[in-house]
Each structure stands twice: as structure tokens, then as C-alpha cells.
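Chemist: Once you've had a glance at the structure underneath, I'll fire off some questions.
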């Protein structure tokens with residue numbers, strides 16, 4: 001009794017929409033407190049989500065995720081927590097409330113603020129666009145405490161999406177370091193959704209994954225007062241084994257004894273795990289240490305433009321001609337923009353080339369990437385790639401050119417009292 | 001995929017272990033996890049920081065640190081400054097460096113004693 005079960009319905013901003021419904025269906029198989037999380041916020045998502053247009057896109061995406069699973073969630077009393085609020089949690093919460101009203105659905109919507117910081121210029125060249133702190137789970141707990149059944153956050157640290165419901169249901173104190181670490185581990189393991197249950201794992205030999213086309217969603221289960229954490233995948237394709245869990249355990253981890261989050265320092269250096277059932281792994285031995293004094297912040301900086309141009313060469317001499325084309329481009333770029341520092345890849349031979357052509361690929365693609373604050377300069381350099389059609393080696397084709405905005409991220413630090421998470425219930429919530 | 005040029009008694013790491021790369025800022029981590037925990041000591045001896053540095057000689061990291069997790073037969077390599085400034089400004093094709101796990105997994109190490117070609121990670 002009192003177990004908390006948390007399923008993940010998305011691991012990135014554009015994940016498979018059907019996954020949310022698979023995750024919700026999976027939760028119906030468990031007794032206890034049931035939560036569905038969507039992790040949708042990568043490092044630069046916040047920079048891309050600025051402005052009216054960016055906020056509208058965010059709201060549309062959030063509603064899109066809900067459309068796929070909301071009926072199952074309401075019927076089974078599953079609460080939803082997500083950072084799909086991006087740069088505007090309150091506005092996204094309002095859009096969700098509007099969607100619910102429109103469909104005559106009753107669900108209390110809450111949101112979390114506190115991550116947004118005043119934008120300060122950085123030492124990085126370029127205009128600073130946004131600055132956010134990675135805040136912890138306290139705001140989620142406040143929103144749940146206020147009665148929210150859907151909680152919309154911005155830049156909450158990814159694993160804190162799971163710490164919130166565990167802290168709320170099990171009434172954790174914010175110095176219960178081991179319990180907070182256990183919930184953080186639950187969040188860390190499922191925050192990338194299918195990546196713990198067969199996604200991003202498949203290979204030949206011992207790494208074959210059944211049902212990769214319809215991967216299921218992971219569920220993390222924590223019993224009150226127990227040191228045990230269970231991860232399972234009840235429905236859908238894929239497989240959840242000690243091997244898949246270990247890959248995710250160490251994903252984006254540096255020192256395994258010191259994984260810093262706003263809630264706790266998680267220490268997984270002594271974790272043990274065992275296969276406790278089919279598609280079910282149980283972990284013990286995760287411990288926590290006092291949270292860091294500082295919160296991590298991320299400032300997004302407008303760093304101009306990035307241009308990419310590609311051209312293909314085939315045949316036994318394809319690699320030679322791609323190398324010839326690269327030499328020609330370098331000479332021409334030297335005349336147009338001597339300060340530009342283009343990067344070249346020969347796709348199909350990137351690593352072999354460094355080892356003096358062990359294999360000779362018969363199908364390669366020369367790629368040039370260049371960055372500049374001056375969009376016209378980027379265009380001029382890409383024009384030279386296009387000119388390779390008539391002015392380069394024989395048999396080049398399939399040229400593609402692309403220019404996109406370049407956003408740099410600059411990490412910094414803030415004190416806990418500079419970015420205090422606060423949870424609210426939307427007034428006029430349906 | 002053709003096997004890399006092998007010398008007698010050498011096998012690629014990926015026949016004994018699997019792994020995944022992850023990025024944060026300009027740092028990359030690569031896990032190396034034994035298929036069979038009995039091979040962990042062998043991997044510990046041969047999949048070293050030095051081997052990792054050699055694997056990335058085409059794109060040298062400014063630092064390599066290895067962390068050991070014997071209870072789960074795993075190790076974690078942290079490579080500094082291999083992402084040309086990080087995912088958002090990197091001009092390389094794979095900005096995250098997500099594909100780089102296989103650079104380490106393809107490295108050759110001596111086969112463990114009694115190794116037959118029917119090991120766990122073998123095709």
C-alpha cells in the first residue's frame with residue numbers, strides 16, 4: 001500500500017505520441033499512486049521556444065501529448081507531470097485547461113515557476129536569449145498539494161519529475177537524502193522513456209531487441225520506506241534487462257558517486273541490480289548525499305548561423321574525388337572568407353580516413369559545416385558547395401544545403417534562493 | 001560490417017561488452033558493460049584510460065577518466081573536450097557524439113583465456 005508507480009510517456013520533445021497511451025495503459029496494471037511523466041526539454045529547447053510563436057508551438061505539443069492518453073489517465077486516476085511547459089509553464093497550463101474544457105474533461109491543472117532567471121550577458125559572443133536554473137522537485141510537490149492532477153513545469157531537472165510524486169506521496173523531508181536519491185534514480189532511469197527498455201540498445205548478437213517497432217514504456221515502482229526500486233516494462237515491444245538498465249544507469253553520468261541534481265547528490269557507485277522477473281529489474285544500494293549549494297543554470301546565446309552543405313560521390317574512386325572536392329572547396333573558401341573555419345566530414349569514411357583508408361567505401365558524401373554571425377557569408381560558402389556540380393570533380397550529385405540558427409548554451413550557477421520553485425493551481429481550472 | 005583487421009588472439013571490445021555514449025556540455029561519457037560479469041576483471045585490465053585515448057587519437061580529448069562499478073560489472077569513461085564546444089555549437093555531423101561509443105567498442109584487446117568465437121557479443 002502506498003506504492004508510487006511512475007511511467008514515462010516521452011523521453012524527448014518529439015517522442016512517439018502512442019508511447020503516452022502505452023505508458024498510461026501500463027500504469028493501470030499497478031495498484032497505488034499512479035503518475036505519468038513526459039520529459040520534453042533538451043538543453044536548447046528553451047532558446048528555441050522564445051517568443052509568441054515558440055510559446056504557441058510548445059502549447060500545441062503539450063496538448064498533442066495529452067490528446068493521446070488523457071482518457072485513460074482520467075478513467076484510472078493517473079496524474080501527469082511534464083516539463084513541456086518549456087519557457088512558459090503558465091501559458092501552456094492555460095492552453096491545456098482550454099483543451100480540457102473544449103472536450104468537457106475535468107482535470108485540475110497546475111504549473112511550476114521559478115526556473116526563469118534575469119538574462120545576463122555572458123562572456124560568450126552573442127546576444128543572451130534566455131537564462132534558466134535547473135530547479136528541483138519542490139514546486140511539483142506544492143502543485144500536487146494544491147490539488148493539481150496535471151502539473152506543467154519549465155526547466156525542472158529531468159529526474160525531479162519523478163522525485164516530485166514520490167516526495168509528495170511518501171511525505172519525504174528534503175533532507176531524506178537516501179530516499180531522495182532513490183527517487184532521483186527512478187527518474188534518471190525512466191526520463192529517456194524507451195531508452196531503458198530496449199530503445200537505443202539494439203545491435204547484432206547478444207543485443208537483439210524483440211518488437212523494436214512498438215517499444216513499450218518503462219514503469220518505476222517505489223514502496224514506502226523500502227530501499228528497493230523496481231523498473232518494469234509491462235506492455236509493448238522491447239525488453240528490460242540488467243543490460244538495458246545498466247546502459248541507462250550510466251547514461252550522461254560522469255562520476256557515478258556524485259550525480260548532482262537540485263534535490264540531492266545521487267551516488268550509484270554501490271548499486272546492485274537483479275532481474276526480478278520478465279522485463280523487470282530491481283535495484284538496491286543507491287544512496288544520497290546533501291544537495292549541492294549551487295543550482296546549475298543555462299544561458300542560451302544567439303550564436304549566429306550554421307550552414308551545412310553535402311555532395312555525394314560513388315564508385316571505387318569516390319573517396320578520392322570527395323577528397324579532391326574538399327581540397328577545391330578549401331582553396332575557394334580561403335579566397336572568399338579566410339577567417340571562416342569550415343569543418344569537413346567525408347561521411348562513409350570519417351574514421352577510416354584518419355586511419356589511412358583501411359577500407360575503400362564505394363559511396364561517400366562530402367559534408368561541409370560552417371558557422372558565422374553573418375548569414376550572407378554562410379550562404380556564400382554554401383554556394384561554393386553547390387558550384388561543385390559543374391566546377392568540381394566528376395560524378396558529384398545529391399547536393400543538399402541547409403542554414404539554421406545556431407544557439408550556444410553557457411552553463412553557470414545560481415544560489416537556491418535565486419531560483420525558488422513554486423507550484424500553483426491554475427485559477428479557473430476545469 | 002567487415003571485422004577490423006585482427007591480429008591473432010585479439011578481439012574487439014564489443015564481443016565482451018556493450019555500452020552507450022551520453023553528452024553534457026563539452027563532455028562525453030561512454031559506458032563499457034560486461035555481457036558476462038566473469039569478464040569484468042579482464043576488461044578492467046585491458047579497457048584502460050590509455051586504450052580510450054588511443055581510440056580517440058583522431059579527435060584527442062583533453063582528459064580521460066575511468067570510473068569502475070564492479071557490482072554491476074561496468075565502467076564509465078568520461079572524455080573532456082571531444083564535442084567541439086558541445087551539442088549546440090559542434091560542427092560535426094553527430095553533434096552529440098552519440099555514435100562515438102562504437103569507436104571505443106571497436107578497439108582490439110586480447111581475448112580472455114579460453115575464449116572461443118562463440119562469446120556473447122559475437123554475431
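Chemist: Looking at region B:36-64 only, could you name the residues that are farther than 16 Å from residue B:100 by Cβ and either part of a strand (DSSP E or B) or in contact (Cβ under 8 Å) with a residue 12 or more places away in the chain (or both)? First the steps, then the outcome.
Modeler: Taking region B:36-64 and keeping what is farther than 16 Å from residue B:100 by Cβ, we get B:36-46, B:48, B:50.
Result: B:36, B:37, B:39, B:40, B:42, B:43, B:44, B:46, B:48.
Chemist: Tell me which strands (runs of 3 or more DSSP E) are completely within region A:278-358 and hold 3 or more residues being away from chain B (no Cβ under 14 Å) and in contact with a strand residue (DSSP E or B) (Cβ under 8 Å, 6 or more places away or on another chain), or say none if there are none. Let's see the steps before the verdict.
Modeler: Numbers: elements: A:280-284, A:287-289, A:294-314, A:343-347.
By residue number, A:294-314.
Chemist: Restricting region B:27-65 to residues that are out of contact with any helix residue (DSSP H, G or I) (no Cβ under 8 Å at 6 or more places or on another chain) and under 20 Å from residue A:241 (Cβ atoms), which is surrounded by the most Cβ atoms within 10 Å (Cβ to Cβ)?
Modeler: Checking each candidate, the answer is B:39.
Chemist: Here is a check on your reading of the model: is residue A:382 closer than 22 Å to residue B:58 by Cβ, at pLDDT 95 or above and not assigned by TED's automatic domain parsing to the domain that holds residue A:103? If you could, list the steps in order and put the result at the bottom.
Modeler: Values: closer than 22 Å to residue B:58 by Cβ: no; at pLDDT 95 or above: yes; not assigned by TED's automatic domain parsing to the domain that holds residue A:103: yes.
So residue A:382 fails the test.
Chemist: Further, regarding this structure: Quick check on region B:13-26: of everything there that is assigned to a strand (DSSP E or B) and crowded, with 20+ Cβ neighbours inside 10 Å, which residue is nearest to the other protein chains (Cβ to nearest Cβ)? Working first, answer last.
Modeler: Residues of region B:13-26 assigned to a strand (DSSP E or B): B:17-18, B:21-24.
From what's left, crowded, with 20+ Cβ neighbours inside 10 Å: B:17-18, B:21-23.
Working: B:17: 10, B:18: 6, B:21: 9, B:22: 4, B:23: 7 Å.
Applying the filter and picking the extreme gives B:22.
Chemist: Let me ask another. Identify the single condition in (1) surrounded by fewer than 18 Cβ atoms within 10 Å (Cβ to Cβ); (2) touching a helix residue (DSSP H, G or I) at 6+ places or on another chain (Cβ under 9 Å) that residue A:333 does not satisfy, given that it satisfies every other one.
Modeler: It fails just one condition, (1).
Chemist: Continuing with this model, one more query. Which residues, taken from region B:63-86, are away from chain A (no Cβ under 11 Å) and at pLDDT below 95?
Modeler: B:81, B:82, B:83 - these are the residues of region B:63-86 that are away from chain A (no Cβ under 11 Å) and at pLDDT below 95.
Chemist: Also, I was wondering about something else. For residue A:95, only one of the following conditions fails: (1) at pLDDT below 95; (2) more than 17 Å from residue A:164 (Cβ to Cβ); (3) in contact with a helix residue (DSSP H, G or I) (Cβ under 8 Å, 6 or more places away or on another chain). What is its number?
Modeler: In the conditions (1) at pLDDT below 95; (2) more than 17 Å from residue A:164 (Cβ to Cβ); (3) in contact with a helix residue (DSSP H, G or I) (Cβ under 8 Å, 6 or more places away or on another chain), residue A:95 misses (1) alone.
Chemist: Determine which member of the set A:85, A:136 is touching a residue at least 40 places away in the same chain (Cβ under 8 Å) and either farther than 17 Å from residue A:49 by Cα or out of contact with any strand residue (DSSP E or B) (no Cβ under 6 Å at 6 or more places or on another chain) (or both). Break it down into steps so the answer makes sense when it comes.
Modeler: Working: A:85 fails: either farther than 17 Å from residue A:49 by Cα or out of contact with any strand residue (DSSP E or B) (no Cβ under 6 Å at 6 or more places or on another chain) (or both).
Going through A:85, A:136 in turn, the sole match is A:136.
Chemist: Something else about it: More than 11 Å from every other protein chain (Cβ to nearest Cβ), within 24 Å of residue B:99 (Cα to Cα) and buried (at least 21 other Cβ atoms within 10 Å of the Cβ): which single residue out of A:401, A:366 fits that description?
Modeler: Numbers: A:401 fails: buried (at least 21 other Cβ atoms within 10 Å of the Cβ).
Selected residue: A:366, the only one of A:401, A:366 that is more than 11 Å from every other protein chain (Cβ to nearest Cβ), within 24 Å of residue B:99 (Cα to Cα) and buried (at least 21 other Cβ atoms within 10 Å of the Cβ).
Chemist: Right, something else. Please determine whether any residue of region A:381-393 is within 14 Å of chain B (Cβ to nearest Cβ), assigned to a strand (DSSP E or B) and buried (at least 19 other Cβ atoms within 10 Å of the Cβ).
Modeler: Looking for residues that are within 14 Å of chain B (Cβ to nearest Cβ), assigned to a strand (DSSP E or B) and buried (at least 19 other Cβ atoms within 10 Å of the Cβ), one finds none in region A:381-393, hence no.
Chemist: For region B:87-106, which positions are more than 7 Å from chain A (Cβ to nearest Cβ) and surrounded by 21 or more Cβ atoms within 10 Å (Cβ to Cβ)?
Modeler: Of everything in region B:87-106, those that are more than 7 Å from chain A (Cβ to nearest Cβ) and surrounded by 21 or more Cβ atoms within 10 Å (Cβ to Cβ) turn out to be B:90, B:97, B:100, B:101, B:104, B:105.
Chemist: Sort out which residues of region A:191-228 are buried (at least 21 other Cβ atoms within 10 Å of the Cβ) and either within 14 Å of chain B (Cβ to nearest Cβ) or assigned to a loop (DSSP other than H, G, I, E, B) (or both), and write them in order of number.
Modeler: Pass one, region A:191-228, residues buried (at least 21 other Cβ atoms within 10 Å of the Cβ): A:191-199, A:201, A:215-220, A:222.
Across region A:191-228, the qualifying residues are A:191, A:192, A:194, A:195, A:196, A:197, A:198, A:199, A:201, A:216, A:217, A:218.
Chemist: Has region A:96-118 got any residue that is surrounded by fewer than 23 Cβ atoms within 10 Å (Cβ to Cβ) and assigned to a strand (DSSP E or B)?
Modeler: Within region A:96-118, one or more residues are surrounded by fewer than 23 Cβ atoms within 10 Å (Cβ to Cβ) and assigned to a strand (DSSP E or B).
Chemist: Being modelled with pLDDT of 95 or more and under 30 Å from residue A:92 (Cα atoms) narrows it down to one of A:365, A:326, A:422, A:321, so name that one.
Modeler: On the way: A:365 fails: under 30 Å from residue A:92 (Cα atoms); A:326 fails: under 30 Å from residue A:92 (Cα atoms); A:321 fails: under 30 Å from residue A:92 (Cα atoms).
Result of the check over A:365, A:326, A:422, A:321: A:422.
Chemist: In addition: Applying the selection to region A:41-58, what residues are away from chain B (no Cβ under 14 Å) and surrounded by fewer than 24 Cβ atoms within 10 Å (Cβ to Cβ)?
Modeler: A:50, A:51, A:52, A:53, A:54, A:55, A:56, A:57
Chemist: Within region B:62-72, is there a residue that is within 11 Å of the chain's Cα centre (by Cα) and under 30 Å from residue A:369 (Cβ atoms)?
Modeler: no
The values are calculated or read from the model by the stated rules, or taken from the named source; none is laboratory data. Keep in mind it's a predicted model, so treat the numbers as computed, not measured. Virtual Cβ from ideal backbone geometry, glycine too; neighbours counted across all protein chains shown.
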